[in-house]
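Everything on this sheet refers to the single structure shown next.
Values quoted throughout were computed directly from the atomic coordinates according to the rules given, and no laboratory measurement underlies them. Keep in mind that this is a model prediction, so the values were computed, not measured. We place every Cβ from the backbone using ideal geometry, glycine too, and count neighbours over all the protein chains shown.
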Amino acid sequence: GQCSAHCPVGAIYENDQTRPVWNALEEGEKHCVVQIAPAVRVAIGEAFGMEPGTLSTGKLYSALRRLGFNAVFDTNFTADLTILEEGSEFVKRVTEGGVLPQITSCCPAWTDYMEKYANDFIDNFSTAKSPQQMLGAMAKSYYAEKAGVAAKDMYVVSIMPCTAKKFEVSRDDNMSSTGFQDVDVALTTRELARMIKQAGIEFTELPEEEADSLLGEYSGAGTIFGVTGGVMEAALRSAYYLITKEDLEDVNFIDCRGLEGVKEAEIDIKGTKIRIAIAHQMGNVEAVLDKVRQAKENGEELPWHFIEVMACRGGCIGGGGQPHGATDEVRLKRTAGIYTDDEKSVQRCSHHNPMITKIYEEFLGEPMSHKAHELLHTGYQERAVYKK
Ligand code: SF4
């Protein structure tokens, strides 16, 4: 569970699932595909003596091919897809009067916490699945169709900076949108580093390769999901477009960045004022939720329209599945690696990712369509807390 994500001394380790993945790769009966989360690419190098923050995306793709995966995808692609779904959901709530503030739901440690301890906010949660889950759902539907493989014969592995992602893959029936689990196994960054070492692959010597194109291309907005404030920044870049049909001149939202526990900003979208808050680490989250509760009780104006929450300090770059020893210095280096990836991207906004446009044209229709709901959205419920 997510407890290891918060274990301050790293004494609790993940439940190692490298064996079933080795088995699937060695047996070769299933069509094995893999995805890597944004935060993995700026941290895995540390396991091979590289500096924190070194961008290892191309080497990661090469390593995964050499391990035997049939296709190598990128969670950043479905981070872009999440923005189209979650951004459209937000615009709908603002323009048609839905429940506000909308709260992000892509961090499963936070989702689990909310269902147990803050379930007065269930209706505020975005129903968009996390990028990990969306990739699995698209792999077993859209990609499976194109590759001529039945969903039952697909095996989807994800490489995550996170131990709570292991729980997310089976958190409820919605996580099996094609009748099979969207993602079969979630491995941590550390587990993948172990597999690369076990295979005798010299990671630092690997060439830079590309991801497979169908579910592999990403924008700068997709990659910043790996840091606190990144989901919000990515959402604002596209929400501006969705509301005004125009693009921002400057896509950088500096107020969203940095390690401050709670960040706030007000954005003027051609007369529509949007107030946002970003919280990371659970202690900071409660303070934000209490402010919303208070405003509701007193019948006052809501303090924010949109809130981003990440359980880990710094966001996923500081996740519980990353190489050990994350100090703030390490977190800031990993963060810098993520923003470099954003800046060098040809497209900086999710709605400009050509493969996202293609997937809506060919398969999903439009954001929030019936098909998108079936594959890419979920629901939440109150969950019991077991007390001694
Ligand atoms: Fe996992 Fe990221 Fe949430 Fe941490 S912030 S628990 S790494 S999803």
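Given a 10 angstrom Cα cut-off, can you work out which residue in GLY53, GLY97, GLY325 is the most mobile in a GNM of the chain? Looking only at GLY53, GLY97, GLY325, the largest GNM fluctuation is found for GLY97.
Label-to-label distance for GLU286 and ASP172 is 2.5 nm, based on points extended 7 Å past Cα in the beta-carbon direction. Backbone amide hydrogens, once placed in the peptide plane, bring ASP74 within less than 5 Å of ILE36, GLY216, excluding anything fewer than 5 places away on its chain. For the stretch 3-376, what does the alpha-carbon gyration tensor say about shape, rounded, prolate or oblate, given a ≥ b ≥ c as the root eigenvalues, a/c under 1.5 as rounded, and a/b over b/c as prolate? Prolate.
Suppose every Lys and Arg Cβ carries +1 and every Asp and Glu Cβ carries -1, with no other charges. What dipole size does the stretch 3-376 come out with about its Cα centre, to the nearest 20 debye?
480 debye
Computed from phi, the 3J(HN,Hα) profile of the stretch 317-329 under the Karplus parametrisation 6.51, -1.76, 1.60 (θ = phi - 60°) reads 4, x, x, x, x, 7, x, 5, x, 6, 9, 4, 4 Hz, with x in place of Gly and Pro. Fewest neighbouring Cβ atoms within 10 Å first, the residues LYS344, LYS59 line up as LYS344, LYS59.
Peptide packing for 253-259, 267-273 was compared via the average number of neighbouring C-beta atoms within 10 Å per residue; ordered from the highest value, the list is 253-259, 267-273. Separation of the stretch 350-370 from the stretch 131-200 is 21 Å, based on Cα centroids. Here the extension length gained between LYS92 and GLN17 equals 23.0 nm, from 0.36 nm per residue of separation less the Cα-Cα distance.
Footprinting exposure proxy ranking of SER170, SER62, SER158, SER238, fewest other C-beta atoms within 10 angstrom first, gives SER170, SER62, SER238, SER158. Placing a label point 7 Å from the Cα of GLU26 along the Cα-to-Cβ line, the residues of the stretch 57-101 whose backbone N sits under 15 Å from it are 67-68.
Quick one: grab the alpha carbon gyration tensor of the stretch 238-388, order the square roots of its eigenvalues as a ≥ b ≥ c, and give me rounded if a/c is under 1.5, else prolate or oblate depending on whether a/b is larger than b/c. The shape class here is rounded.
Taking other C-beta atoms within 10 angstrom as a stand-in for reagent exposure, ASP153, ASP74, ASP173 fall in the order ASP173, ASP153, ASP74, fewest first.
Here's the picture: charge each Lys and Arg Cβ at +1 and each Asp and Glu Cβ at -1 in the stretch 3-376, and of SER345, ALA326, PHE180 the one pushed furthest to the positive end of that dipole is ALA326. Lysine pair count for the stretch 240-334 with Cα-Cα distance under 24 Å and sequence separation of 8 or more or different chains is 8.
Looking at the chain alone, DSSP beta bridges between its own residues are antiparallel in about 30 percent of cases. For the chain, adding -39500 (n - 2.57) for each run of n ≥ 4 DSSP H residues and dividing by the number of residues yields -11000 deg cm²/dmol at 222 nm. Placing pseudo-labels 7 Å out from each Cα toward the beta carbon at LYS358 and HIS370 gives an inter-label distance of 2.7 nm. Across the chain, C-alpha contacts under 8 Å between residues 6 or more apart give a mean separation that, scaled by the residue count, equals a relative contact order of 26 percent.
FRET efficiency for the pair GLU51 and ASP250, taken as 1/(1 + (r/R0)^6) with r the Cβ-Cβ distance and R0 = 41 Å, rounds to 0.90.
For the chain, a Gaussian network of Cα nodes joined below 10 Å ranks THR178, THR204, THR228 by mean-square fluctuation, and the top entry is THR204. Comparing ALA109, ALA47, ALA79 in a Gaussian network model of the chain where C-alpha atoms under 10 Å apart are linked, the largest mean-square fluctuation is found at ALA47.
Could you tell me which of rounded, prolate or oblate describes the stretch 277-363, using a ≥ b ≥ c as the square roots of the eigenvalues of the alpha-carbon gyration tensor, with rounded for a/c under 1.5 and, failing that, prolate when a/b is larger than b/c and oblate otherwise? Oblate.
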